[in-house]
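**Q** Shown below is the structure under consideration.
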Amino acid sequence: MKPAHLKPAKSAYPAYLVLALGLLVLTWSTLLGSSLPAKLADLGGLHKTDKITATWLGNFHQPEAASFTLKDMRQLSQYNLRDYDLAYAVEASTSAAYQKNQNPAQVLGVNDRYDQFQQINLKAGGFLTVEQENQQVAVIDEDLAQALFQNRNVVGLEIELYGRKFRIVGVAGADHSLIGTLTDRGYGTVYIPAKILLELEADSRITFLAVETKDAGTTGRNTAVLTTALTSIGQDPANYKIIDYNLAGLLMEQGNLLRNFLAGAVAMVMLFALLRGKIRGLDHFCRQRLRDNYWREMIKEDAVRLMLDMAVILALVAVMLLVWKLIRFSLYIPPENIPDELIDISFWVDLIQRGIQTRMQSAGDAAPPGEVQLNVLNTIRNWNLFLNIFLGWPLFWLGLYQTRLLGEKLLKVEVFCSVFLLAALSLGTALLWIIKMTPVIGTGEALLVFSSVFLTALTKIGQMIRGHTC
């Protein structure tokens, strides 16, 4: 049997691989999380997230009095919402044709303000105007143009819908980003005047309303304005799914704040460990010196050492305060989700029932494009936060623990973390460009991740080194 000291050393590559995976998840989570609220704003057109929407919760194919009429829209725009931009839409599906070519299409009957509330990237021509509300005109997306005409320069040509000719006045760019791909229904989109579609589709009705908001806060004023307007035209707000996109953006941003808080909390714990070690070291030094000297003699002889130690302690405290200022935030919870008493079983039962009923009511209907995109962004946000907490940090700590067991040098681990964090940052930025999401790199967020990684490595590997030297 070979002596123990002749056994081959374990390879450190698996440990560094796990460490690298953890750093990659943490970096990617930070980049993606910061870009999601910006993407939500981009998808909102001119008004970005300064809008509130109401979507009918009934079935599109069942005539109901709870949907809007053109008369309702005129009344809202002339009276209750006369000071607000307003858009509405009615959805249907049919086949679009040009000569012998046919292709299924989603038809959206909209008013002239619709493009101010949705991202419609016009490649040619213009969007529908108020003067064209009685005309058979259409805006089609470039995928449908390519399918029917094998060409995207089709402004001025005609397509056939419901057996009628519609003149093409604009071509909208297709969304090939990650969000566009995930929300793609597999067929093209045609925008025509809402009045024309209501005439052609006997069972169609206006089921979507978007209104400009003027309050970016969390007071509920936007919802109050819209519910009052709905009541004024004889509609029950309970029949509509109302989304304030200001609050939707705020709630999405809270995912980033929670992620930053976790990174900052890790940094705070490591800073506290360093502070405690420094205070203990200073206390031990003073006790040793005071065995043979008085305070006055110790201060006189070791003034430089004492001042340097105190400066380090004050610096650590200052950094802790700075980190706390950077990560602290007020958690926002929608008022309708807060009971008067925490121990109120009926409130929580009703809250769950309302959530289930809302999902069931809208389960058979196709949500409007903006709502579908919001749902996808929220799903990505939730998974991103989950992976950050339950995959990124555990992998990083596991890799660091393995490198510590293998006796890796602190400098080597720190250099590896530095190089790989920069590489992951570059790779993550490139991936965001590939999936057509504008990278938003928050300096504070990146510094939190970097500092928590370095401080953890410094504390854990440093403790091992100090333990071996004692």
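None of the figures in this text is laboratory data; all of them are computed from the coordinates on show. Predicted, not measured: the structure shown is a model, and the values here were computed from it. No Cβ is skipped: glycine too gets one built from the backbone with ideal geometry, and neighbour counts run over all protein chains shown.
**Q** Beta carbons within 10 angstrom, averaged per residue: use that to sort the peptides 391-404, 18-31, 416-429, highest first.
**A** Peptide ranking by packing, descending: 18-31, 391-404, 416-429.
**Q** Let me ask something else about it. Taking K and R as +1 and D and E as -1, what net charge do the other residues with C-beta under 11 Å from the C-beta of VAL171 add up to?
**A** Every neighbour counted, the sum reads -1.
**Q** Just to confirm a number: summing +1 for Lys and Arg and -1 for Asp and Glu over residues other than VAL90 whose beta-carbon lies under 9 angstrom from that of VAL90, what do you get?
**A** -1
**Q** LEU398 versus LEU458, label points 7 Å from Cα toward the beta carbon: distance in nm?
**A** 2.7 nm
**Q** Assuming 0.36 nm per residue, please report the length gained on full extension of the stretch ARG74 to ALA303 beyond their Cα-Cα distance.
**A** Here the segment from ARG74 to ALA303 would lengthen by 74.3 nm.
**Q** Among (1) 59, 27, 19; (2) 36, 28, 21; (3) 33, 32, 20, find the value of semi-axes √(5λ) of the Cα gyration tensor in Å that was calculated from the structure presented, and write down its label.
**A** It is the value labelled (1).
**Q** If packing is taken as the average count of other Cβ atoms within 10 Å, what order do 320-332, 87-99, 156-168 fall into, highest mean first?
**A** Put in order of decreasing packing, that is 87-99, 156-168, 320-332.
**Q** Which FRET efficiency value, to the nearest 0.05, is calculated for ILE313 and LEU411 with the Förster distance at 30 angstrom and r the Cβ-Cβ distance?
**A** It comes out at approximately 0.80.
**Q** What angle do you read, to the nearest 10 degrees and between 0 and 90, between the alpha-carbon axis of helix 443-469 and the longest principal axis of the chain?
**A** Computed tilt is about 30 degrees.
**Q** ASN101 to THR129: extension gain in nm, 0.36 nm per residue of separation minus the Cα-Cα distance?
**A** Gain on stretching ASN101 to THR129: 7.3 nm.
**Q** What list of ³J(HN,Hα) couplings, whole Hz, do you get for segment 262-279 from phi and the Karplus terms 6.51, -1.76, 1.60, once you set θ to phi - 60° and write x for glycine and proline?
**A** Ordered by residue, 3J(HN,Hα) equals 5, 4, x, 5, 4, 4, 5, 4, 5, 5, 5, 4, 5, 5, 4, x, 5, 5 Hz.
**Q** Sticking with this one: Using +1 on the beta carbon of Lys and Arg, -1 on that of Asp and Glu, and nothing else charged, what's the dipole of the chain about the Cα centre, debye to 20?
**A** Rounded to the nearest 20 debye, it is 2680 debye.
**Q** Only Lys, Arg, Asp and Glu count, each charged at its Cβ (+1, +1, -1, -1), so figure out the dipole size of segment 82-206 about its Cα centre, rounded to 20 debye.
**A** That gives segment 82-206 a dipole magnitude of about 280 debye.
**Q** Next up: What order do you get for 182-194, 298-310, 44-56 when each peptide is scored by the mean count of other beta carbon atoms within 10 Å, highest first? Intermediate results must be reported in sequence, preceding the final value.
**A** Values: 182-194: 19.1, 298-310: 13.0, 44-56: 21.2.
The most tightly packed comes first, giving 44-56, 182-194, 298-310.
**Q** Please give the helix 410-434 orientation as an angle from the longest Cα principal axis of the chain, in degrees from 0 to 90, rounded to the nearest 10.
**A** Its long axis makes an angle of about 10 degrees.
**Q** At LYS10 and ILE441, where each label point lies 7 Å from the Cα along Cα→Cβ, what is the point-to-point distance in nanometres?
**A** 3.6 nm
**Q** Given axes a ≥ b ≥ c from the Cα gyration tensor, I'd like to know whether segment 92-242 is rounded (a/c under 1.5), prolate (a/b larger than b/c) or oblate.
**A** Working: a/c = 2.16, a/b = 1.70, b/c = 1.27.
Note, shape of segment 92-242 comes out prolate.
**Q** Which net charge results when you count Lys and Arg as +1 and Asp and Glu as -1 among the other residues whose beta-carbon is under 14 Å from that of ARG152? Could you put the intermediate results ahead of the total?
**A** On the way: positive: LYS123; negative: ASP141, GLU142, ASP143.
That sum, taken over residues with Cβ under 14 Å, equals -2.
**Q** A further question follows. Okay, which of segment 80-113 sit inside 15 Å, backbone N to the point 7 Å along the Cα-Cβ direction of LYS214?
**A** Hits in segment 80-113 for LYS214 at 15 Å: 80-86.
**Q** Can you give the extra length, in nm with one decimal, that the chain gains between ALA202 and ALA430 once fully stretched, where that is 0.36 nm per residue apart less the Cα-Cα distance?
**A** Roughly 77.2 nm would be gained on extension.
**Q** I would also like to ask the following. As I understand it, the value is the acute angle between the Cα axis of helix 221-232 and the longest principal axis of the Cα atoms of the chain; what does it come to in degrees, rounded to 10?
**A** In the chain, helix 221-232 runs at an angle near 20 degrees to the longest axis.
**Q** Using helices alone, I'd like the mean residue ellipticity at 222 nm for the chain: each DSSP H run of four-plus residues gives -39500 (n - 2.57), total over residue count, nearest 500.
**A** It comes out at -18000 deg cm²/dmol, rounded to the nearest 500.
**Q** Please name which of ILE120, ALA87, ALA174 has its Cα lying farthest along the dipole of segment 82-206 towards the positive end, using unit charges on Cβ (Lys, Arg +1; Asp, Glu -1) and the Cα centre as origin.
**A** ALA174
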